[in-house]
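Below: the structure, in structure tokens.
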Amino acid sequence: MLTQKLKYFENVVYAPNIHQGGGKTLLLDLIQNGRPDTLFVIDNRLFESELKLHNCQNIISVNCNLIRKLFIDFNFRKVSSNRHSILYFSNIPPVFPLRGRCTLFLQNRYLIEDYSLKGLSPKAIIRILIERIWFRKFLKNVDQTIVQSLSMYNSFDPHLKITSSEGKTFN
């Protein structure tokens, strides 16, 4: 289904694991105010909780486990072309380099700063440690990384491709 839909859309917002909190609010705003030539690939937990999304032709709902993410990354690699702009609205860059323009929206400070993980559950600690490795290893596969605040921008290594989101748009 994803490979077939990609033929008809030039812009893609890929938002696995975005289903609650501030990420959900931002994503729903993007969907509501997005351009009609944008395909949204969203977490099925968000899709199920937001019934108004069920009649949208430009939304694909996916189960967002690790195997599915690798499969989707592979499909983006296989099907994307220079005409595609793909926004990874997920904190985690694609495993494979894409043919189109790839932008990563990063909102998780745990991935770029050495915050103490003390007090978090063992499951959360393992997830964050894996995501830190994934982020650093595959950041090379994005053309641009956008962060949500100037303070987060200032936390980044100056050699990385980072842009503050203030005044920036995805197109």
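The values are calculated or read from the model by the stated rules, or taken from the named source; none is laboratory data. Values in this document were obtained by computation on a predicted structure and should not be read as measured data. Cβ: placed from backbone, ideal geometry, glycine included. Neighbour counts: every protein chain shown. Protein only, heavy atoms only, side chains kept; ligands, DNA and RNA dropped before computing areas. Shrake-Rupley method; radii C 1.70, N 1.55, O 1.52, S 1.80 Å.
Taking a probe of 1.4 Å, how large is the accessible area per residue of the chain, in Å²?
56 Å²
Report the percentage of all Cα-Cα pairs in the range 83-149 whose separation exceeds 16 Å, rounded to a whole percent.
Across the range 83-149, Cα pairs with separations above 16 Å total 47 percent.
Might you work out the accessible area of residue 155 for me, using a 1.4 Å probe with all protein chains in place, and round it to the nearest 10 Å²?
Here the residue's solvent-accessible area equals roughly 50 Å².
At a 1.4 Å probe radius, carbon and sulfur cover how many percent of the accessible area of the chain?
54 percent
Using a 7 Å offset from the Cα along the Cα-to-Cβ direction at both residue 128 and residue 7, what is the distance between the two label points in nm, to one decimal?
Each label point is offset 7 Å from its Cα along the Cβ direction, giving 4.5 nm.
Which FRET efficiency value, to the nearest 0.05, do you get for residue 121 and residue 65 by plugging their Cβ-Cβ distance into 1/(1 + (r/R0)^6) with R0 = 25 Å?
The formula returns an efficiency of 0.85 here.
Roughly what would the spin-label model give for residue 44 and residue 78, points 7 Å off Cα along C-beta, in nm?
About 2.0 nm separates the two model spin labels.
Nothing charged except the Cβ atoms of Lys and Arg (+1) and of Asp and Glu (-1): what's the magnitude of the dipole of the chain about its Cα centre? Round to the nearest 20 debye.
So the magnitude is around 480 debye.
Could you give the radius of gyration (one decimal) and Dmax (whole number) of the Cα atoms in the chain, in Å?
15.6, 46
For the charge dipole of the chain, defined by +1 on Lys and Arg C-beta atoms and -1 on Asp and Glu C-beta atoms about the Cα centroid, which residue among 133, 85, 13 has the Cα displaced farthest towards the positive pole?
133
Taking a 32 Å limit on the Cα-Cα distance, which of the listed pairs 5/118; 78/118; 5/123; 24/118 fall beyond it?
Long pairs (Cα-Cα over 32 Å): 5/118; 78/118; 5/123.
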